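K.L.:
This structure is in C-alpha cells; I'll ask about it shortly.
The numbers here are math on the coordinates, done by the rules we state, and not lab data. Just so it is clear, the model here is predicted, and its values are computed rather than measured. Methodologically, a virtual Cβ is constructed for each residue, glycine included, from the backbone with ideal geometry; neighbour enumeration extends over all protein chains shown.
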Amino acid sequence: MLKKRIIPCLDIKDGRTVKGINFVDIQDAGDPIELAKKYVQQGADELVFLDITATIEKRVTLIELVKKIAQEINIPFTVGGGINSLEDAARLIKAGADKVSVNSSAVKNPKLIKEIADKFGSQCVVVAIDTKLIEKDWMVFVHGGRTITLLKTLDWVKEVERLGAGEVLLTSMNNDGTKSGFALDISFSVSNLINIPVIASGGAGSKEHFVDLFKNTNISAGLAASIFHYGELPIPKLKEYLIQQNIPIRK
Amino acid sequence: MIAIIDYNAGNVSSVQNALKRLGYESIITRDKDEILSADKVILPGVGEASTAMSYLKEYELDTFIKEIKQPFLGICLGMQLMCTSSEEGTTDCLGIFNARVKLFPPKEKVPHIGWNSLYKLKGGLFKNINAPEDVYFVHSFYAELCEETSAECNYIFSFSAALQKDNFYATQFHPEKSATVGEQILKNFLAL
C-alpha cells in the first residue's frame, strides 16, 4: 500500500538553515546537511529545502549546497524559492534536486510549469500554492503571502494539473504558524478535485493533526517545519502514533 | 568500474552519488568500449519513453544493450525501456522482458509517488531483504506482471516492481533514493 509521507521543510538563507534546532547530537544547528541527515535517520520520507535568500549572488551558494545534499542524502528532496525560469530549474535539477518547487513565478508565467515538465518530466515539478480564505473563497497569494491575486485556489490547482505539475504543495496561510492543525476543508477539496498528489502544509502542531489530515482528506503527504526543528514532535514518535491509528506509514 | 549509460536521461548523477556513497567508482558514458569493459552496467532513467528510445537508437545502443553479458540494472524508465513496448509515446522498447508498459488508470492519484511495499521477492537483487519492505516510486506508467517479475508492488493493482532475466535486472522504484533498503539492493547488485 502507498504510504502517507511525512516531510520536514528546511528554510535556507545564504546556505544555512534559518531556524535553529535543538537535537542534542548535532554540532552545528545551522548546517543544512547535518540537519537533513538527522531527519533522514529519523525516518523522514522526503525533504523540502526552501531558499529564502534574496540576492542573485547568493544563489551560487544554493547550487553548491544542492550538490552536497545530493551527495549525502539517500531519499528524494525538493528545492524551492526564487525559481523564475527554466534555466533556474535546470541548474538545480542538474545539481541533483529530485524536484523543484515553483510558486509566484508560476502564477506570473504559468507556461513555466509546462516548460519544466516537458524538459524534465512532471515528477520534477511541484507547484507550491499559498492560499488564504477571503470571505467565502480560498484565494491564491504570491510573494511569500504578501500579495493577493485574482486566482481562486480551486481554479488554479486545475490549471497547474493541466499544465503538467506532478504535485501540489498547498499551504494554508490561515493555519500557518498557528499550530492549530491543517486546513482540512481546502485540503479535502483540492485533494479530491485533482488527480495528482497533494502535500498539505501549515498548522501542524501535534500528532493528532496529522491523523485528522490523513483520515479526513485524500492528501498524500504532510509537511511541517517548526514542530520538527524544535524537537516538539520527533518524527519517529509521530510515525509510531500514525501507525497505531492505522494510517499507512513507512516504518 | 561501473558504467552508467548516458542517453540524455535525467537522474544520472543521483545514481552516481549513490554508488559513491557505497564506495564504488562509476563513469557516465555512451562509449561502447567503456561499457563493455565495465564490471557492471546501469541504465538509469527519468524522462519520456519514446524520446529515450529514440536516443538509444541514435547512439546505436538499442541492439548493443541486449548483447551485454555483465550484470545489468535498469532503473525506473531504464526498466520500462527493457520491456516490449510502452504506451508512453507509443513506442517499441528493447524487448528483454516480456511485459508491456501501460499508463495507470486514473482510479488513484497518478503519478504513483512515494513509498510502497515490495512483495514476492525473487533472485539475487533481494538478498537480505524481507518483504514487505518500502521503497520509493515515482512513475505514471507501469510494467505488467510477467514470468520475469522478481518483485511485485500493489497500486490500483499488482504490477512489476522488479524484473530479472539472466544477467538483466531492473527495478521500477529508485534504489538510489530508497534509504537503507535501497542501498542494500544496490549492494546486492554490485556483489553479483
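K.L.:
Set the Förster distance to 22 Å, then compute FRET efficiency between A:Asn109 and A:Ile148 from the Cβ-Cβ distance, nearest 0.05.
P.N.:
Efficiency, rounded to the nearest 0.05: 0.75.
K.L.:
State the extension gain, in nm to one decimal, for the chain segment bounded by B:Leu145 and B:Asn167, taking 0.36 nm per residue of separation less the distance between their alpha-carbons.
P.N.:
Using 0.36 nm per residue and subtracting the Cα-Cα distance, I get 6.0 nm.
K.L.:
To continue, here is another question. Report Rg(Cα)/(2.2 N^0.38 Å) for the range A:55-143, keeping two decimals.
P.N.:
1.17
K.L.:
Which percent of Cα pairs goes in each bin when the distances of the protein assembly as shown are cut into 20 angstrom slices starting at zero?
P.N.:
27, 59, 14, 0
K.L.:
Is there a pair in A:Lys3/A:Lys38; A:Lys207/B:Lys127; A:Lys13/A:Lys111; B:Lys40/B:Lys66 whose C-alpha atoms are over 26 Å apart, and which pairs would that be?
P.N.:
A:Lys207/B:Lys127; A:Lys13/A:Lys111
K.L.:
Separate question: At a temperature of 4 °C and a viscosity of 1.567 mPa s, determine how fast the range A:83-132 diffuses translationally according to Stokes-Einstein, using the Kirkwood radius over alpha-carbon pairs as Rh; express D in µm²/s, rounded to the nearest whole number. Display every interim value, and only then the final one.
P.N.:
Numbers: Rh = 10.7 Å.
Diffusion coefficient, whole number: 121 µm²/s.
K.L.:
Output the antiparallel fraction of DSSP beta bridges having both residues in the protein assembly as shown, as a percent to the nearest 5.
P.N.:
Percentage antiparallel, nearest 5: 40.
K.L.:
Tell me, what does the Kirkwood hydrodynamic radius of the range A:173-251 come to in angstroms if you use every pair of distinct C-alpha atoms? Walk me through the numbers on the way to the answer.
P.N.:
Details: mean 1/r = 0.0790 Å⁻¹.
It works out to 12.7 Å.
K.L.:
Counting pairs of alpha carbon atoms under 8 Å apart in space and at least six apart in sequence, what relative contact order in percent does the range A:5-244 give?
P.N.:
So the answer I get is 17 percent.
K.L.:
Per-residue Cβ counts within 10 Å, from other chains only, averaged over B:36-49: what number is that?
P.N.:
Taking all residues of B:36-49 together, the mean is 1.
K.L.:
Hey, fewest Cβ within 10 Å first, where do B:Glu144, B:Glu133 land in order?
P.N.:
Final ranking by Cβ density, sparse to dense: B:Glu144, B:Glu133.
K.L.:
Can you put A:Glu167, B:Glu58, B:Glu147 in order, fewest other beta carbons within 10 Å first?
P.N.:
B:Glu147, B:Glu58, A:Glu167
K.L.:
Still on this structure: Just counting partner chain Cβ atoms within 10 Å, what average do the residues of peptide A:119-126 show around their Cβ?
P.N.:
Counting other chains' Cβ atoms within 10 Å and averaging over A:119-126 gives 5.
K.L.:
If packing is taken as the average number of other Cβ atoms within 10 Å across a peptide's residues, how do B:39-48, B:61-70 rank, most packed first?
P.N.:
Numbers: B:39-48: 23.0, B:61-70: 14.9.
Packing proxy ranking, top to bottom: B:39-48, B:61-70.
K.L.:
What share of the DSSP beta bridges in chain A is antiparallel, in percent to the nearest 5?
P.N.:
25
K.L.:
Take every residue in peptide B:110-120, count the Cβ atoms of other chains within 10 Å of its Cβ, and give the average of those counts.
P.N.:
Shielding by partners across B:110-120 averages 6.
K.L.:
Additional query: If you wrap a convex hull around the C-alpha atoms of the range B:2-190 and split its volume per residue, what is the figure in Å³?
P.N.:
Once divided by residue count, the hull of the range B:2-190 is 97 Å³.
K.L.:
Sticking with this structure for a sec: Sum -39500 (n - 2.57) across every DSSP H segment of at least 4 residues in chain A, then divide by the residue count to get the 222 nm mean residue ellipticity, nearest 500.
P.N.:
Values: 10 runs with 94 residues, N = 251.
When only DSSP H runs of four or more count, the value is -10500 deg cm²/dmol.
K.L.:
Evaluate 2.2 N^0.38 Å with N set to the residue count of the range B:149-192, then give the Cα radius of gyration divided by it. Write down the numbers at each step before the final one.
P.N.:
Values: Rg = 11.0 Å, N = 44, 2.2 N^0.38 = 9.3 Å.
Here the Cα radius of gyration is 1.19 times the empirical estimate.
K.L.:
Going by C-beta contacts inside 10 Å, put A:Leu150, A:Leu163, A:Leu193 in order with the fewest on the left.
P.N.:
Numbers: A:Leu150 8, A:Leu163 20, A:Leu193 15.
Starting with the residue having the fewest Cβ neighbours, the order is A:Leu150, A:Leu193, A:Leu163.
K.L.:
Based solely on C-alpha atoms, express the radius of gyration and the Dmax of chain A in angstrom.
P.N.:
That works out to 16.9, 48 Å for Rg and Dmax.
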